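Trainee: The structure's right below; bear with me while I get my questions together.
What follows is calculated from the coordinates using simple rules that are stated; it is not laboratory data. This is a predicted model, so every value here is computed, not measured. FYI the Cβ positions are ideal-geometry reconstructions off the backbone, even for glycines, and counts take in every protein chain you see.
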Amino acid sequence: MKKKETVALDSTCSKELMAATDTLTILNGKWKIQIIATLNYSGPLRFMDLQRLIKGIGSKMLSRELQDLETNLLVKRTVLNTRPMTVEYELSPHGKSLERIINSMRLWGKAHRKKIAARN
């Protein structure tokens, strides 16, 4: 391969890796994908309902993760005019664009679990 071709290939590879890294950075951690998947399957949820559905997440962690998802335009937060004040969360249109990724991960996870279980 010529040097120019190698440089172009390296540049393309770097851009593609940067895009994948951006995705992983936004979705990193134990909880974000679970939050997104829960909102995707359930629709809009109040904070306590979301916490109840995601086993093991504490209120501080859920609050932090929801704020991060909102900052990244993946979750929409709506304050309802109720007493006491109620907050509802739902996927934004941008967040809904992750549906294919989340579904692919779910399918891969099922197949992987089956493969590992069959090995034993």
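Trainee: Which pairs break 18 Å Cα to Cα here: Lys55/Lys114; Lys60/Lys110; Lys32/Lys96; Lys55/Lys76; Lys55/Lys96; Lys32/Lys55?
Mentor: Pairs exceeding 18 Å: Lys55/Lys114; Lys60/Lys110; Lys55/Lys76; Lys55/Lys96.
Trainee: Still on this structure: Starting from the Cα gyration tensor of the chain, take the square roots of the eigenvalues, sort them a ≥ b ≥ c, and report rounded, prolate or oblate (rounded when a/c is under 1.5, otherwise prolate if a/b is larger than b/c, else oblate).
Mentor: Oblate is the answer for the chain, as a/c is 1.5 or above yet b/c matches or exceeds a/b.
Trainee: Could you tell me the convex hull volume per residue, in Å³, taken over the Cα atoms of region 55-120?
Mentor: On the way: hull volume 8.1 nm³, N = 66.
Per-residue hull volume (Cα only) is 123 Å³.
Trainee: For the chain, give the magnitude of the charge dipole about the Cα centre (Cβ charges: +1 Lys/Arg, -1 Asp/Glu; no others), in debye to the nearest 20.
Mentor: 560
Trainee: Relative to the Cα centre, what is the charge dipole magnitude of region 59-117, using +1 at the beta carbon of each Lys and Arg, -1 at the beta carbon of each Asp and Glu, and rounding to the nearest 20 debye?
Mentor: 420
Trainee: For the Cα atoms of the chain, what angle does the longest principal axis make with the long axis of helix 99-119, in degrees from 0 to 90, nearest 10?
Mentor: 80
Trainee: With point charges of +1 on the Cβ of Lys and Arg and -1 on the Cβ of Asp and Glu, referenced to the Cα centre of region 51-112, which listed residue (Ile101, Leu74, Gly58) lies farthest in the positive direction of the dipole?
Mentor: The one lying farthest along the dipole's positive direction is Gly58.
Trainee: Return the FRET efficiency for the residue pair Asn72, Arg46: r is the Cβ-Cβ distance, R0 is 22 Å, and the value is rounded to the nearest 0.05.
Mentor: Calculated transfer efficiency: 0.55.
Trainee: If the label point is 7 Å along Cα→Cβ of His94, which residues in region 60-76 have backbone nitrogen under 20 Å from it?
Mentor: In region 60-76, the label zone of His94 (backbone N under 20 Å from the point 7 Å along Cα→Cβ) covers 63-76.
Trainee: Rank Asn28, Asn72, Asn81 by mean-square fluctuation in a GNM of the chain with C-alpha springs under 10 angstrom and give only the top-ranked residue.
Mentor: Per the Cα network of the chain with a 10 Å cutoff, Asn81 tops the list.
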